[in-house]
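One structure is given here, and the rest of the page talks about it.
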Amino acid sequence: NPGLYRDQLASTVKAETGFALQINGDISWRYWPPIAIQASDVDLRPAGADQALLSFASAAVDLKLLPLIFGGELAIAGLSIDGLTLNAIVAADGKGNWEVPSATKENAATETQTQDNTIKLDIASVKVSNASIAYFDPKNAADYRVTIKSFSTGALRYDTPVTLAFDLTLQDQTARVSAAVNGGGQLTFNSSFDRFQLQNLVINSLVKIPDLGEINTGLN
């Protein structure tokens, strides 16, 4: 019963990051099709904060059936998230609400000295829909918004081209500039996440600028 781990998940996140995790909805199995772990109405925020750093309406992790049955391993066939909201806010002291407290950073650094830092990455697909990302830094008059209607990938693996497709809107609230952007292509990256390559990239955009009107652009 995944619901039995609700408190354990919250306490683990608190210990590792200092953030408060609230799972207000259900945690459950979906048995077909395919087998998946689902969670709904999830909220992550800095301790004591009034506004969440991240929340989502629902998410599901699809699992590969054969490794689960014969080896008891949780191999990921797909990850889907709907209704995600991310609020990145920079306070007057220049600290972002996404920053992990220094004490937690020191503990994590100590642990990684004795652990292998390589993260195994093998996810068959990722889908994100109805997402909203906001970045607000009042000191530097920065107010940016990204609305993701849809974002999807093919298999995510190191050193292998990953197919991307996206449909989103970008907004600079301060300059009153916006752009509707859609397209796709292939992205390749290494396990250190310090080398990236884009191939067959196609981007179409409709930019709206005050006093200039609408501008259609395309990149192939």
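Using a 1.4 Å probe over the heavy atoms of the protein chains, calculate the carbon and sulfur portion of the accessible area of the chain as a whole percent. That fraction is 56 percent.
Annotation: the antiparallel percentage among DSSP beta bridges lying fully within the chain is about 90.
Between residue 211 and residue 163, the contour length at 0.36 nm per residue exceeds the Cα-Cα span by 13.6 nm. Counting charges near residue 209 (Lys, Arg +1; Asp, Glu -1) among other residues having Cβ under 14 Å from its Cβ returns a value of -1.
Accessible-area rank, largest first, for 214, 99, 16: 214, 16, 99, with all protein chains present and a 1.4 angstrom probe.
For the range 160-216, what does the accessible surface come to per residue with a 1.4 Å probe? Please give it in Å².
63
The values are calculated or read from the model by the stated rules, or taken from the named source; none is laboratory data. Note that this is a predicted model, so its numbers are computed, not measured. All Cβ positions, even for glycine, are placed from backbone atoms using ideal geometry, and neighbour counts span all protein chains on display. The accessibility values were calculated without ligands, DNA or RNA, using every heavy atom of the protein model including side chains. Shrake-Rupley method; radii C 1.70, N 1.55, O 1.52, S 1.80 Å.
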